[in-house]
There are 2 protein chains.
Amino acid sequence: MSDANRMSYQDIKVKVLQSIRDNTWPPGTIMPGEVDLAEQFGCARATVNRAMRELAEEGILDRKRKAGTRVKKSPTRQAKFVIPVIREEVENTGGAYRYALVSRTQMPAPGWLCAKLQLTPEDQVLHLHCMHYSDSKPYQYEDRWINLSAAPSAADTDFKEIGPNEWLVREIPFTDAELTFSASRATRTVAEYLEAAEGDALFTIERTTWLNQQTVTFARLHFSPGYQLTTKL
Amino acid sequence: MSDANRMSYQDIKVKVLQSIRDNTWPPGTIMPGEVDLAEQFGCARATVNRAMRELAEEGILDRKRKAGTRVKKSPTRQAKFVIPVIREEVENTGGAYRYALVSRTQMPAPGWLCAKLQLTPEDQVLHLHCMHYSDSKPYQYEDRWINLSAAPSAADTDFKEIGPNEWLVREIPFTDAELTFSASRATRTVAEYLEAAEGDALFTIERTTWLNQQTVTFARLHFSPGYQLTTKL
DNA sequence: GAGTGGTCTAGACCACGGT
DNA sequence: CCGTGGTCTAGACCACTCC
């Protein structure tokens, strides 16, 4: 019990959050410096530093050298989503995962894709349509383009047994990615594959990945009606 | 230039990521312990620790005491979203933000809400419908319920000038929140407010927030057609 | 210029959890 | 048990940025 009062960086985070909530440090306040806090809390500055640094990463605080640390006016808390790796997502919900290749076409990159992915019309691309099922119920319709200049070995892969996403994460590393979430209406074709009605609202993810400035792949993922993505903060 | 070779924790992160990409440490590999790495990199263990800890947080590595650190099989990279605070979101895109209250009703909590938010039928709630505009174009339709037991002062607020979200973040702190993203079809009413067509696909966010186990508010936010949420990893 | 956070170090003790 | 990561310390130097 001797040093039961010693503060861990987690204790400090809790204390700081409490002080913000009970208006000891209202939004906009400049907090004491790290050395002062370390003394108040009776711990080393490094410990305070870690607590404050994490709170800043979580969007609660703003820190600037010389200016000091202040409580954010709008506590811009941020959500973290685990990017769904579809097989795992399905299996984690207790479903049996099944994958099917719908079509596979190699072609020169069409104009809109060149513009979007910074390709030239000479670049060859692979265009794939795939279906993902959970317990034989349609789960996701995938419309994917792979840049064969960035992933040449894709040309020799038939994608009949393995989904392009799974293949890509295993074979082609990436350095950057961009995700866009939106809602779109099911076209006739997509609706048929998803066993949905034409015009249904589909949760849609567009994903683009790069390997050092070079675009590797672009995909549109349409989920069956009712799909939702949840996160806690 | 003397110690230009000294490694920072960020350098170490880059080096580790490189070693993973060039298959020096393929997925599943158990990496050397922190002390070994510290020696290899010529720095203190704390420095290695921070690098590895952050890579674990980012979903690249799995760390377990005694078991050691290993490269994740499926690099579960995660996306971070800034939770849209609507006024800022609109103003950041250069639009002029306008808010309007559509309706405001105080009532006992209906059954479905009691179930969802763990309320009793005796609990009074405030039900609000609001519109948010960007340059007088409809941006978001908000359907919000506020638990008056958790936020009693909401009963004395008319919400004619300030949106409930903005009011809540300023007046009622929260400890936990849950967000759900989905796609839904516009009902006739919502479509009229959003100047959209009935049945249009709307990007929808449901948000619930708690203050220490007690539910504060639940909101359904329907965005105008075409809305999208983007993030980079 | 000076104050603040950012980072590094060398050493220490602790707690979890595989063997 | 005992090795590994998790955390803390006391002190130091650095880099940014406000004044």
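What per residue convex hull volume, in Å³, comes out for the range A:86-223 when only alpha-carbon positions are used?
Working: hull volume 15.3 nm³, N = 138.
Hull volume normalised by residue count: 111 Å³.
Using Cα positions and a limit of under 17 Å, work out the aspartates and glutamates in reach of residue B:116, with same-chain residues fewer than 8 apart set aside.
The qualifying aspartates and glutamates are B:143, B:176, B:178, B:206.
Quantify, in whole percent, the carbon and sulfur part of the accessible surface of chain B (1.4 Å probe; protein heavy atoms only).
Numbers: 5690 of 12020 Å².
Answer for chain B is 47 percent, counting heavy atoms of protein chains only.
I'd like the Karplus ³J(HN,Hα) series for the range B:60-65: coefficients 6.51, -1.76, 1.60, θ = phi - 60°, whole numbers in Hz, and an x wherever there's a Gly or Pro.
Listing the rounded values in order: 8, 10, 10, 10, 9, 4 Hz.
Give the angle, between 0 and 90 degrees and rounded to the nearest 10, that separates the Cα long axis of helix B:9-21 from the longest principal axis of the Cα atoms of chain B.
For helix B:9-21, the angle is close to 80 degrees.
Identify which of A:214, A:18, A:124 has the largest mean-square fluctuation in a Gaussian network model of chain A, with springs joining Cα atoms closer than 10 Å.
Looking only at A:214, A:18, A:124, the largest GNM fluctuation is found for A:18.
Please give the residues of the range A:22-39, grouped as numeric ranges, whose backbone N is less than 11 Å from a label point set 7 Å along the Cα-to-Cβ vector of residue A:56.
Within reach of a label on residue A:56, which here means backbone N under 11 Å from a point 7 Å along Cα→Cβ, the range A:22-39 contributes A:34.
Per residue, how big is the convex hull of chain B when only Cα atoms are used? Give it in Å³. Can you show the working numbers first?
On the way: hull volume 47.1 nm³, N = 233.
Taking only Cα atoms, chain B has a hull volume of 202 Å³ per residue.
Got a sec? Charge dipole of the protein assembly as shown, +1 on Cβ for Lys and Arg, -1 for Asp and Glu; which of B:119, B:212, A:47 is way out at the positive end?
Working it through, the farthest residue towards the positive pole turns out to be A:47.
Using unit Cβ charges (K, R positive; D, E negative) and no other charged atoms, how large, in debye to the nearest 20, is the dipole of chain B about its Cα centre?
Values: 29 positive and 30 negative charges, 241 e Å.
It comes to approximately 1160 debye.
Cα atoms only: what Rg and Dmax, in Å, come out for the protein assembly as shown?
25.1, 73
Compute the acute angle (0 to 90°) between the alpha-carbon long axis of helix A:45-57 and the principal axis of greatest extent of the alpha-carbon atoms of chain A; round to the nearest 10°.
40
So how do B:200-207, B:139-146 stack up, highest first, on mean other-Cβ count within 10 Å? Could you put the intermediate results ahead of the total?
Details: B:200-207: 22.0, B:139-146: 23.6.
Top of the packing list down: B:139-146, B:200-207.
Report the full-extension gain for the segment residue B:180 to residue B:6: residue separation times 0.36 nm, less the Cα-Cα distance, to one decimal in nm. Please report the intermediate quantities before stating the final value.
On the way: separation 174, 0.36 × 174 = 62.64 nm, distance 4.48 nm.
Extra length from residue B:180 to residue B:6 when fully extended: 58.2 nm.
So what does log10 I(q)/I(0) come out to for the range B:1-134 at q = 0.12, 0.13, 0.14 Å⁻¹, using the Debye formula with one equal point on every Cα and no solvent?
Reported log10 I(q)/I(0), two decimals: -0.70, -0.72, -0.75.
Under the definition of partner shielding as Cβ atoms of other protein chains within 10 Å of a residue Cβ, what is the mean value for peptide B:225-232? Working shown, then result.
Working: counts 5, 3, 3, 7, 4, 6, 9, 5.
The per-residue average across the peptide is 5.
In percent, what relative contact order does chain B have, based on Cα pairs under 8 Å that are 6 or more apart in sequence? Before the final figure, lay out each step's value.
Values: 387 pairs, mean separation 32.5, N = 233.
It comes to 14 percent, rounded to a whole number.
If each residue of separation counts as 0.36 nm, what is the full-extension length gain between residue B:65 and residue B:148 once their alpha-carbon separation is subtracted?
Details: separation 83, 0.36 × 83 = 29.88 nm, distance 4.61 nm.
The residue B:65-residue B:148 span can extend by a further 25.3 nm.
If you wrap a convex hull around the alpha carbons of the range A:1-74, what volume per residue comes out, as a whole number of Å³? Walk me through the numbers before you get to the answer.
Working: hull volume 6.3 nm³, N = 74.
Convex hull of Cα atoms, per residue: 85 Å³.
When only Cα pairs under 8 Å and 6 or more residues apart are kept, what is the percent relative contact order across the range A:9-71? Kindly include the intermediate steps, with their values, before the conclusion.
On the way: 59 pairs, mean separation 25.5, N = 63.
In percent, rounded to a whole number, it is 41.
Add -39500 (n - 2.57) for each DSSP H run of 4 or more in the protein assembly as shown, then divide by its residues: what number comes out at 222 nm, to the nearest 500 deg cm²/dmol?
Computed ellipticity for the protein assembly as shown at 222 nm equals -7500 deg cm²/dmol.
Of the listed peptides B:84-91, A:115-122, what is their order by residue-averaged count of other C-beta atoms within 10 Å, with the highest listed first? Write out the running numbers ahead of the final one.
On the way: B:84-91: 17.5, A:115-122: 13.6.
Result, highest mean first: B:84-91, A:115-122.
Measure up A:72/B:80; A:64/B:232; A:160/B:72; A:137/B:232; A:13/A:72; A:232/B:80 against 20 Å on the Cα-Cα distance and list the ones that go over.
Numbers: A:72/B:80 18 Å; A:64/B:232 24 Å; A:160/B:72 26 Å; A:137/B:232 31 Å; A:13/A:72 15 Å; A:232/B:80 12 Å.
Those over the limit are A:64/B:232; A:160/B:72; A:137/B:232.
Tell me, what ³J(HN,Hα) does each residue in the range A:205-211 have, in order and in whole Hz, if you take phi through Karplus 6.51 cos²θ - 1.76 cosθ + 1.60 with θ = phi - 60° and put x for Gly and Pro?
Karplus-based 3J(HN,Hα) across the range A:205-211 equals 10, 10, 10, 10, 10, 10, 10 Hz.
Which whole-Hz ³J(HN,Hα) couplings does the range A:121-134 yield from phi under the Karplus relation 6.51 cos²θ - 1.76 cosθ + 1.60, θ = phi - 60°, glycine and proline marked x?
3J(HN,Hα) across the range A:121-134, in whole Hz: x, 7, 5, 8, 10, 10, 10, 10, 10, 9, 10, 10, 10, 10.
With a point put 7 Å past each Cα toward its Cβ, work out how far residue A:161 is from residue A:112 in nm, to one decimal.
Inter-label distance under the simple model: 3.5 nm.
Report, as an integer, the average count of C-beta atoms from other chains found within 10 Å of each Cβ along B:77-89. Write down the numbers at each step before the final one.
On the way: counts 7, 6, 11, 6, 8, 5, 9, 1, 4, 0, 1, 2, 0.
Across B:77-89, the average partner-chain Cβ count within 10 Å equals 5.
Quick one: which residues, 5+ away or cross-chain, put their amide H under 5 Å from the amide H of residue A:210? H built at 1.01 Å from N.
A:175, A:176, A:177, A:216
Nearest 100 Å² is fine: how much accessible area is buried between A and B, summed over both sides, with a 1.4 Å probe?
On the way: alone 13960 and 13990 Å², together 24020 Å².
When A and B are taken together, about 3900 Å² of accessible area is lost.
Taking a probe of 1.4 Å, how large is the accessible area per residue of the protein assembly as shown, in Å²? Before the final figure, lay out each step's value.
On the way: 24020 Å² over 466 residues.
Accessible area per residue, the protein assembly as shown: 52 Å².
For residue A:66, go through the aspartates and glutamates and keep the ones whose alpha-carbon is under 16 Å away, minus same-chain ones fewer than eight residues off.
Correct list for residue A:66: A:34, A:36.
Can you give the average number of partner chain beta-carbon atoms within 10 Å of each beta-carbon in peptide B:203-211, as a whole number? The partial results should precede the final answer.
Numbers: counts 7, 4, 1, 2, 1, 1, 1, 0, 1.
Neighbouring Cβ atoms belonging to other protein chains average 2 per residue here.
The values are calculated or read from the model by the stated rules, or taken from the named source; none is laboratory data. Quantities reported herein were computed from a predicted structural model and do not represent experimental measurements. Ideal geometry is used to build each Cβ from the backbone, glycine not excepted, and the neighbour counts take in all protein chains shown. When the accessible area is computed, the model is the full protein with side chains, heavy atoms only, and any ligands, DNA or RNA have been set aside. Shrake-Rupley method; radii C 1.70, N 1.55, O 1.52, S 1.80 Å.
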